[in-house]
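The values are calculated or read from the model by the stated rules, or taken from the named source; none is laboratory data. Just so it is clear, the model here is predicted, and its values are computed rather than measured. Cβ placement follows ideal geometry from the backbone for every residue including glycine, while neighbour counts extend to all protein chains displayed. Note: accessible area is taken over every heavy atom of the protein model, side chains too, but ligands, DNA and RNA are not part of it. Shrake-Rupley method; radii C 1.70, N 1.55, O 1.52, S 1.80 Å.
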Amino acid sequence: MPFVVAEGALLDRIFDNTYPIWSEGLSRAAYGQWNRAQLKTPWGSGHLQRFALLDEQDNLLASAKRYRHAVRLDGREGWMAGIGAVFTPEAQRGRGHATRLIEILIEQERNDGALLAGLFSEIGTRFYERLGFRTVPLDEVTITVRRQGGSPAMLVRSGVERDLSDLAALHASRTAAVRFALRRDPSLIHYALSKKRLLAGLGPPGLRQVEFFVTDEGASAVAYVILSENANGWT
C-alpha cells in the first residue's frame, strides 16, 4: 500500500472527506484555505505535514497529520512526533488502515530520531491504547467573570509579534522543573495564534472572535491570554 505525503489534489480529497467532521462552521472552500494556510506558516512549513495511505488504484484508505514538536523529556532535548486528525473514509473502515498508517508513521519517526510520539484524538482511548498510547489527563476549568467598577487592577494591552520572545522565555521558566514539556519558541506561539485568527477570519461574520492581550513588567511581557469567542461563550 503506498504511503505518501498528502499534497495537491490528494489534499483536496482529504478535505472533502474530513470537512463534515472538522469544518468548525467554515464553508468547504474556507476549510481548505484554513488547513493549507497552516501548512504555510513559518512554523507549520517546517513542522507539519499530512500523510495518506492509498491502495493500488490511489483510493484513499486513511490519512493523518504529523507534527514535530520540540520537547524536553527527563533532561533530554529532542522532538516529539505528534499525530492527529486520523481519518478513514466510511467505506474503508474496519479493515485496519488507520492502524497501519499510525504504525508506519511511528516507525518513520523513530528511525528519524523522535524521543516519543503523542497522539491527539477526540474519540475513545481503547483503540489507541492497543497501539501503545496512554491517556494524558487534562484539567479544564469553567469560570464566571463578573464586571467590576473602577480602574483595572493592572494595565493590559493588545499583544504584538515582538512579545512572542518574552512569552517563550516565560514558558521556559515555568516548565524548567517538570519531567516533560513542549518547548514553545516564538514561531510555535505565532503558529497557535495564527491558527485561531485564520479560523475566525475565514468564518462567517460574527461567528467567532479572537483577542490576544499581554501585561508588562518593565519593558517585557510577563503574562498573556488568548480569548476565543463564539456562540457558546469565551475560551
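Numerical summary
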| read-out | value |
| --- | --- |
| Failed condition for A37, given (1) touching a Gly at 6+ places or on another chain (Cβ under 9 Å); (2) open to solvent by 60 Å² or more (accessible area, probe 1.4 Å) | (2) |
| Single unsatisfied condition, N111 versus (1) without any contact (Cβ under 8 Å) to a residue 12 or more places away in the chain; (2) more than 19 Å from the chain's Cα centre (by Cα); (3) not in a helix (DSSP H, G or I) | (3) |
| Residue among P186, P205 that alone is of a type outside the set (D, E, K, R) and loosely packed, with under 11 Cβ neighbours inside 10 Å | P205 |
| Positions within the range 221-235 being small (G, A, S), more than 18 Å from the chain's Cα centre (by Cα) and modelled with pLDDT of 90 or more, in sequence order | A221, A223 |
| Residue count for the range 143-159, restricted to those that are open to solvent by 100 Å² or more (accessible area, probe 1.4 Å), modelled with pLDDT of 80 or more and β-branched (V, I, T) | 1 |
| Residue count for the range 72-85, restricted to those that are of a type in the set (A, V, I, L, M) and either open to solvent by 30 Å² or more (accessible area, probe 1.4 Å) or more than 23 Å from the chain's Cα centre (by Cα) (or both) | 1 |
| Top-ranked residue of the range 28-47 - restricted to ones that are of a type in the set (A, V, I, L, M, F, W, C) and in contact (Cβ under 8 Å) with a residue 24 or more places away in the chain, ranked as nearest to I189 (Cα to Cα) | W43 |
| Matching residues in the range 55-71 - criterion: being in contact (Cβ under 8 Å) with a residue 40 or more places away in the chain, hydrophobic (A, V, I, L, M, F, W, C) and buried (at least 19 other Cβ atoms within 10 Å of the Cβ) | L60, L61, A64, V71 |
| Failed item in (1) exposed (fewer than 10 other Cβ atoms within 10 Å of the Cβ); (2) modelled with pLDDT of 95 or more; (3) closer than 24 Å to A221 by Cβ, with G113 passing the rest | (3) |
| Contacts under 6 angstrom Cβ, first residue in the range 147-176 being in contact (Cβ under 8 Å) with a residue 60 or more places away in the chain, partner among the small types (G, A, S), 6 or more apart | D163/A221; T175/A181 |
